1. Examine segment 344-356 for a residue that is among the polar types (S, T, N, Q), in the same structural domain as Thr155 (by TED's automatic domain parsing) and under 25 Å from Gln287 (Cβ atoms), and state whether such a residue exists.
2. Would you check which residues across segment 104-157 are farther than 28 Å from Gly326 by Cβ and among the charged types (D, E, K, R) and list them?
3. Name the helices (runs of 4 or more DSSP H) wholly within segment 271-375 that hold at least 3 residues that are basic (Lys, Arg)?
4. In segment 54-61, is there at least one residue being over 25 Å from Asn112 (Cα atoms) and either in the same structural domain as Gly126 (by TED's automatic domain parsing) or not in a strand (DSSP E or B) (or both)?
5. Scan segment 354-403 for residues that are among the polar types (S, T, N, Q) and over 26 Å from the mean Cα position of the chain (by Cα) and jot them down.
6. Taking the options Gly174, Gly152, Gly213, name whichever one is within 18 Å of the chain's Cα centre (by Cα), modelled with pLDDT of 95 or more and in the same structural domain as Ile393 (by TED's automatic domain parsing).
7. Can you name the residue in segment 127-155 that is of a type in the set (Asp, Glu) and part of a loop (DSSP other than H, G, I, E, B) and, of all such residues, is nearest to Glu114 (Cα to Cα)?
8. Please work out which one of (1) over 30 Å from Leu302 (Cβ atoms); (2) touching a residue at least 60 places away in the same chain (Cβ under 8 Å); (3) hydrophobic (A, V, I, L, M, F, W, C) is the condition Leu207 fails and give its number.
Amino acid sequence: MTLYLKYVKTGRCVGCGFCETVVSCPSPERCVGCGSCYLACPFMAREPIPDNQPRRKITVTVDGVKCEVTGDVTVKRALESLGYKFSRFPGKGALFSPCLTGGCYSCSVLVNGELKAACHTKIREGDVVETRVEGKNQLRIVEGFTPHQVGGVGTPYWLKKRGGYIEVAAFTAGCNLRCASCQNYHVTYNSSLPPMTSHEAASRLSLMRRRYGVDRMAVSGGEPTLNHQWLVEFFRELRRLNPDEKARLHLDTNATILTKERIDDLIEAGVTDIGPDLKSLRLETFQLITGVKERELARLYLDTSWNAVKYIADEYYPEKVFMGIGIPYNKFFHPNLDELLKMGEKIARIDPDIQVCVLDYRPEFRSNITQPTLEEMKAVREALIGVGLRKVIAQTSLGHIGP
């Protein structure tokens, strides 16, 4: 018997409304088991239970073939029942579906001629679904178009202390990680805003550049690299709209799916500054920080992020691309500094002059950790300098310190 789930509120619900305003339920009349409200709830007040209510069969057309599938499920679940494969790491032979919350549109398919996220769309009687969408104008939920005074991980340290606005940024919804200390969870789990084309997002960010008189335009998230086709077109549009030599195009990323081919595509599209956020060195720490429970997937993410840093350093840094690396610190994840120092040593072997920003992971989203003190962050910074890194800055409650 096929197992179906529905997600229900529990006594932990505090009535914050997050699952009704930030999350857009694809089927309020009956839960289709997408799980987005469960993944997004800041208080973990949703839980899955078996859904044994009968489901009727419906007829749909998929890639030109008329099929019978079970109704009251997502398009993704319906396609899986027909043998279509989905993966949380990009590759051949499967549809890429990394966020599962309807924000990144990586799993986009055409439903009755409209681009929809398969993970967050209900299959309905008579739907015509087309899974081949290469070359179509991609969509992505983007928000938080704002000016910034300190920038992100990939912002050069000498600009962070300049004063005034130094860049404008946009934030993309959807992430493949489940970090309990996610600082942008209102963006990460957003499925309620209408998606944008690459051109729409690039035009808006370019307008903000002119409004605030800055040269840097950044994208962060969530995780921007999930929808690769959308992101490449976004940077191409930014370059087209900002052809002057002063324009800098900045990407901050967790780098967990940033393969060599994807890096090449993005830099060819115009990326000039990149900020990979390396979560850890040990697999166990990576899983603790990111909430990725599947061990093999977590290992793939972790290895890919380190390989990305090495590849960028060897092939593009510093002549073509500025790179700044982020590494997290909190004593909950790092009861001693051994792992952080080994991370520092590994980065120093790649290039001791790469900018490293130590991020003070603090209580956000589902986390009850304590924010590191200024003294802790100073000590971590000094320790990393001690293993050979020359340009270390630390994010603290009082601003950035160093190098």
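1. As a first pass, look at segment 344-356 and keep what is among the polar types (S, T, N, Q): 355.
Those left that are additionally in the same structural domain as Thr155 (by TED's automatic domain parsing): 355.
Then drop every residue that is not under 25 Å from Gln287 (Cβ atoms), which leaves none.
No: zero hits.
2. Glu114, Lys116, Lys122, Arg124, Glu125, Asp127, Glu130, Arg132, Glu134, Lys136
3. So the answer is 295-315, 338-350.
4. Yes.
5. Thr373
6. Gly174
7. Asp127
8. Just one mismatch for Leu207, condition (2).
The values are calculated or read from the model by the stated rules, or taken from the named source; none is laboratory data. The structure presented is a predicted model; accordingly, all values stated were derived computationally and were not measured. FYI the Cβ positions are ideal-geometry reconstructions off the backbone, even for glycines, and counts take in every protein chain you see.
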